[in-house]
1. Any idea which of 79, 93 is of a type in the set (Val, Ile, Thr), surrounded by 14 or more Cβ atoms within 10 Å (Cβ to Cβ), in contact with a Leu (Cβ under 9 Å, 6 or more places away or on another chain) and within 25 Å of residue 318 (Cβ to Cβ)?
2. Taking the condition more than 17 Å from the chain's Cα centre (by Cα) and crowded, with 16+ Cβ neighbours inside 10 Å, does residue 50 pass?
3. For residue 98, indicate whether it is crowded, with 19+ Cβ neighbours inside 10 Å and not polar (S, T, N, Q).
4. Of the numbered conditions (1) modelled with pLDDT of 95 or more; (2) in contact with a helix residue (DSSP H, G or I) (Cβ under 6 Å, 6 or more places away or on another chain); (3) open to solvent by 20 Å² or more (accessible area, probe 1.4 Å), residue 265 satisfies every one except a single condition; which is it?
5. When both residues are 6+ apart or on different chains and their Cβ atoms are under 6 Å apart, which pairs have a first residue that lies in segment 79-101 and is on the phi > 0 side of the Ramachandran plot, and a second that is β-branched (Val, Ile, Thr) and surrounded by 16 or more Cβ atoms within 10 Å (Cβ to Cβ)?
6. Check 205, 165 and return the single one that is over 30 Å from residue 105 (Cα atoms) and open to solvent by 30 Å² or more (accessible area, probe 1.4 Å).
7. Taking segment 56-76, which residues are open to solvent by 40 Å² or more (accessible area, probe 1.4 Å), more than 18 Å from residue 134 (Cα to Cα) and of a type outside the set (A, V, I, L, M)?
8. Residues of segment 18-44 being free of Cβ contacts under 8 Å to residues at least 24 places away in the same chain and either closer than 27 Å to residue 211 by Cα or outside any loop (DSSP other than H, G, I, E, B) (or both), which ones?
Amino acid sequence: MPAAAIKQPSEHTGTIAGAPWRLDVPVNWNGELVVYFRGYAPQEQPLPEVMPLTGYEGWMLSAGFAVAQSDYSARGWSVAEGLADSEALRKHVMGLLGAPMRTWAVGHSMGAHIVLGTLEQHGAAYDGGLALCGVNAPSEELFSGPVLGALAVFADRHPGVLSPGGLFDADVPRWPDAAKIEAALASDEAFAARFGQAFGIPREGMAGGLMLRFAVLHELRERAGGVPVDNTRVTYSGLGNDAALNARVRRYAGEPSAVAYANARLQLTGATASPVVLMANVADEVVPSQTSSRYLDLARKAGRGDQVFELPPIGSGHCQFPPESQAAALAKLRAWVIERKHPGQAPR
């Protein structure tokens, strides 16, 4: 049972192994805990001495949940750090709250990726998880496919916009100029339309989505100490004159040690130990719908398809969900776990 002595409301902050964290307990706490997993933060952004509210936890606190969240001990594509830091925080919070009646994992974007990894590795500690607008695919598939693919095809059509030469040229700024990317797209809208359809990137926000892909891929290369992706055997389609494109587009051979590093950070398998609900945006410039949906395929192949349910996508823009939609998604997860009412069950 929850510890009776915890003050309501109250906030608690600290640092564990270099990771700032916070715990917020609302008025009339319902006895349940949400461990929230934040999304990607640029490496250039410094870690705070005291972790502030993120802005995502408001609807959870309003619903009566205590919310614990780690800012992780590293910025960037810090999925391994995020998983370890959040598990250390969950254990620490047990000493403050006692054992909550139920514990839920909730995360956005990269944080959703970590939610899924957490349910695979520490699922016994959670009653279920909610993965929102998630990067829900294995690392090798994600970075060699929709990330590298989109960048390589764009660079083939608009050479020099992302980088003077190849995508991994030395001394290239990690963050390319989004205005230049947008100008290139606007100069060839017919290509932009085909490109968006092929890679699941809406036209609105396309330039920013490509800028972020480039930055994340370069950051991963720095972390891995080499090219961590490979498109030497990838066939691109749906872009017009695909045979000529595939003969011409630049190929990148991954360096084995770098590819192994990237894959070892957090390799999703679909073997979730607890029920998980997925929800994506209809049009997302950062995470294509096929990437958000990918975990359901993985779970089916792992024999855990009955543990994963995907809600219909809503809204446009990356992680653009109204608070009430997120609250409704968590309510469906709770009803699934507590009342055995499957999220896909028709209303009576």
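The values are calculated or read from the model by the stated rules, or taken from the named source; none is laboratory data. All figures in this text were calculated on a predicted structure; none of them were measured in a lab. Backbone-built Cβ (ideal geometry, glycine too); neighbour counts: all protein chains shown. Heavy atoms of the whole protein, side chains included, go into the accessibility calculation; ligands, DNA and RNA do not. Shrake-Rupley method; radii C 1.70, N 1.55, O 1.52, S 1.80 Å.
1. Numbers: 93 fails: within 25 Å of residue 318 (Cβ to Cβ).
Going through 79, 93 in turn, the sole match is 79.
2. Values: more than 17 Å from the chain's Cα centre (by Cα): yes; crowded, with 16+ Cβ neighbours inside 10 Å: no.
In short, no.
3. Working: crowded, with 19+ Cβ neighbours inside 10 Å: no; not polar (S, T, N, Q): yes.
No; evaluated as a whole, the condition is false for this residue.
4. Here residue 265 clears every test but (1).
5. none
6. Numbers: 205 fails: over 30 Å from residue 105 (Cα atoms).
Step by step, each of 205, 165 is checked, and only 165 is over 30 Å from residue 105 (Cα atoms) and open to solvent by 30 Å² or more (accessible area, probe 1.4 Å).
7. 62, 73
8. First, the residues of segment 18-44 that are free of Cβ contacts under 8 Å to residues at least 24 places away in the same chain: 27.
Selection gives nothing.
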